[in-house]
Amino acid sequence: MLTGDDGQFSFANIAPGSFHLTITSAGFATQASSGILRSGEIYIVPSIALDVATANTEVQVGLSQTEVAEEEIKVEEKQRVLGVLPNFYVSYVPHAVPLTSKQKFKLALKTVVDPFTFVFVGGAAGVEQAQNHFIEYGQGAQGYAKRYGAGYADTVAGTFIGSALLPSLLKQDPRYFYKGSGSKGSRILYAIANSVICKGDNGRWQANYSNILGNLAAGGISNLYYPANDRNGAGLTFENAAIGIGASAVANLFQEFVIRKLTPKVPNHDPAKL
């Protein structure tokens, strides 16, 4: 309760019984008053005069928002499934600080140069070669190198456009925010929905234009280096975009139900704070 200009104040509908009243004002010493209020009684507090407070200096030391985000990124960069597979783009902190543009690009770079990324792309290229996918690339070392180059180009384009460039321009967070609470059905819907919605840097949920447009852009760029017979113009673009969005939904389901259990050194997660 704030007093009026004349220092008067009143409380209405107070339950009978003992009370403790504390009076504070900036620059003055705190005063307290106690008493007992009986049923139907109007209690008038004796006049109270506040003494001038003793001079004191208060210094608050804390991290800036950017510094807090940097510390959170350091934790995320240590998240590896089974201690090996990178799991950088998931936050187990419900109210994590939004990333700066520089931090979004830094996380994207760390992802594309991670040793496992090269191994994963190499494995995918080997499967494509075994199935003779993109037949114009041919076989042998040269065919494998072309498939590997195309796969890595897809990874780099998709990561930087969808997780760094567009999130910076559109002020969106590229990370998946682990839910970890509620019914299984609600968590499934949450995980799938997060392929098309995301948190903005303002903390509000919004359409995930970064992921949607990022997959479209990466699909369009892939027309530049895939074999002519596989370039199908807009068809390839939308096909790759749909695959990317679907892959995000599947990855989110694994994040929500499986990966956390297999990822050591994750921060404590309190679903009650969600």
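Residues of segment 88-122 that are without any contact (Cβ under 8 Å) to a residue 60 or more places away in the chain, over 19 Å from ASP154 (Cβ atoms) and part of a loop (DSSP other than H, G, I, E, B): VAL97, THR100.
Kindly check whether there is at least one residue in segment 195-208 that is in contact with a Cys (Cβ under 6 Å, 6 or more places away or on another chain) and either modelled with pLDDT under 90 or not hydrophobic (A, V, I, L, M, F, W, C) (or both). Yes, segment 195-208 contains at least one residue that is in contact with a Cys (Cβ under 6 Å, 6 or more places away or on another chain) and either modelled with pLDDT under 90 or not hydrophobic (A, V, I, L, M, F, W, C) (or both).
Within the span defined as segment 87-96, every residue fails to be more than 23 Å from ALA164 (Cα to Cα) and surrounded by fewer than 12 Cβ atoms within 10 Å (Cβ to Cβ). Any residue at all in segment 48-58 that is within 30 Å of THR263 (Cα to Cα) and in a strand (DSSP E or B)? Checking segment 48-58: not a single residue is within 30 Å of THR263 (Cα to Cα) and in a strand (DSSP E or B). Within segment 38-60, not a single residue is in contact (Cβ under 8 Å) with a residue 60 or more places away in the chain and acidic (Asp, Glu). Against the list (1) more than 30 Å from VAL266 (Cβ to Cβ); (2) of a type in the set (A, V, I, L, M, F, W, C); (3) surrounded by fewer than 12 Cβ atoms within 10 Å (Cβ to Cβ), the condition PHE134 fails is (3). Checking ILE135 against (1) under 30 Å from GLY200 (Cα atoms); (2) in contact (Cβ under 8 Å) with a residue 40 or more places away in the chain, only one condition comes out false. Which one? Failed condition: (1). Listed by first and then second residue, the pairs with beta-carbon distance under 8 Å, at least 6 apart or on different chains, first residue in segment 62-79 and closer than 18 Å to VAL113 by Cα and in the same structural domain as THR111 (by TED's automatic domain parsing), second hydroxyl-bearing (Ser, Thr, Tyr) and in a loop (DSSP other than H, G, I, E, B), are GLU76/TYR89; GLN79/THR263.
Of all the listed residues (LYS171, LYS146), the sole one being in the same structural domain as ARG260 (by TED's automatic domain parsing) and surrounded by 19 or more Cβ atoms within 10 Å (Cβ to Cβ) is LYS146. Could you say which residue among GLY83, GLY40, GLY35 is in a loop (DSSP other than H, G, I, E, B) and farther than 30 Å from LYS179 by Cα? Being in a loop (DSSP other than H, G, I, E, B) and farther than 30 Å from LYS179 by Cα holds for just one of GLY83, GLY40, GLY35, which is GLY40.
The values are calculated or read from the model by the stated rules, or taken from the named source; none is laboratory data. Just so it is clear, the model here is predicted, and its values are computed rather than measured. Virtual Cβ from ideal backbone geometry, glycine too; neighbours counted across all protein chains shown.
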